[in-house]
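Have a look at the structure below, then the notes.
The values are calculated or read from the model by the stated rules, or taken from the named source; none is laboratory data. Quantities reported herein were computed from a predicted structural model and do not represent experimental measurements. Don't worry about glycine lacking a Cβ; one is built from the backbone with ideal geometry, like all the others, and counts go over all protein chains shown. Heads up: the accessible areas ignore ligands, DNA and RNA and are worked out on the full protein's heavy atoms, side chains in. Shrake-Rupley method; radii C 1.70, N 1.55, O 1.52, S 1.80 Å.
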Amino acid sequence: TAIIEARDVVLSFGQTPALRGADVAVNAGEILAVMGPSGSGKSTLLHCLAGILLPDSGEIHFAGRRLDSMGEAERSTLRRDRFGFVFQFGQLVPELTAEENVALPLLLGGTRRAEALKQARTWFGRLGLDGLEQRRSGELSGGQAQRVALARGLVNRPEILFADEPTGSLDSLTGEQVMDLMVTVAREQGTTVVLVTHEPRVAAYADREVIVRDGRVHSLAAEGIGAERI
Ligand code: ADP
Ligand code: ADP
């Protein structure tokens, strides 16, 4: 059964249509890859599902509720408590240590500092980051920084992890390490993952792939669209 769903979502940026009737349903515990060419609307779809952008029309359903009819405050609380995010460029706060970056979602949610840092540190061993707790982002390799960003995305044990080109800034071997870890942890915790990528090798980690073209979502099987045509 779907935990999150977009129904006939339309969204334009001024005169530029980004989504033109996008439908997608993600099942609980599923890892869904959202593929498609640059500019097709993948990131916009992810932002709508996550309640960051509001559609011009259409519906977003999350856990039986209409996300698109909630106010900004409620959506913001939902993102903080129930969603996790990983982006292409880790977007770590450079002034903070790695463990402080990982603890950030907990601190913003009101967890006291000592407890938040304690929980944050449990992720370092799991993600192969032992000993890097006190580093700042400038002192981490690209792969290490992206694993810290992954830890930050998972630290609040989100129901859904939204990952937008999480390997886009990494070489393919480092990208595969990050994907292995993401998928392993997601499976262990039953986390649903919405993974935006234009790389077939990254999409191969998912349970299912959909393709966004011109602001609409196509399923691979139904459309018979091969990845080689992207
Ligand atoms: P993708 O993630 O598939 O590359 P996007 O969702 O980022 O596609 O973009 C879809 C379309 O919307 C593109 O034409 C893009 O230029 C446009 N777009 C995305 N974000 C904005 C924005 N903030 N302002 C104006 N146009 C945007
Ligand atoms: P992605 O495809 O991963 O979204 P982009 O480089 O297309 O990467 O977009 C990066 C950021 O710029 C996004 O936040 C997107 O919303 C914004 N953006 C994309 N296209 C435009 C545009 N034409 N005008 C303004 N902002 C844009």
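Going 7 Å from the Cα of Asp56 along its beta-carbon direction, which residues of segment 1-27 have the amide nitrogen within less than 16 Å of the resulting point? Counting backbone N atoms under 16 Å from the label point, the list is 8-23. The long axis of helix 72-82 is offset from the longest Cα principal axis of the chain by roughly 60 degrees. Database remark: amide H of Ile3 closer than 5 angstrom to the amide H of Val26, Asn27, Ala28 (H placed geometrically; neighbours at sequence offset of 5 or more, or on other chains; Pro and chain starts carry no H). Once the 1.4 Å probe is applied to the protein heavy atoms, segment 82-230 comes out at 46 Å² accessible per residue. Once the Cα atoms are used to define both axes, helix 113-126 deviates from the longest principal axis of the chain by about 80 degrees. With both labels modelled 7 Å from their Cα along Cα-to-Cβ, the Asp171 to Arg208 distance reads 3.6 nm. The distance linking segment 170-202 with segment 45-112 is 19 Å (Cα centroid to Cα centroid, whole angstrom). Between Gln134 and Arg112, the modelled label-to-label distance comes to 2.4 nm, taking each label 7 Å out from Cα in the direction of the beta carbon. Label positions at Ala2 and Ala28, each projected 7 Å from the Cα along the C-beta direction, are separated by 1.6 nm. Couplings 3J(HN,Hα) of segment 197-212, computed from phi: 7, 10, 9, x, 5, 7, 4, 5, 6, 7, 6, 8, 10, 10, 10, 9 Hz, in residue order, whole Hz [Karplus 6.51 cos²θ - 1.76 cosθ + 1.60, θ = phi - 60°; x for Gly and Pro]. Calculated mean residue ellipticity, 222 nm, the chain: -10500 deg cm²/dmol, from DSSP H runs (n ≥ 4) at -39500 (n - 2.57) each, averaged per residue and rounded to 500. For the residues Leu150, Leu96, Leu106, a GNM of the chain with alpha-carbon springs under 10 Å puts the largest fluctuation on Leu96. Compared with the dominant Cα axis of the chain, that is its longest principal axis, helix 172-189 is turned about 90°.
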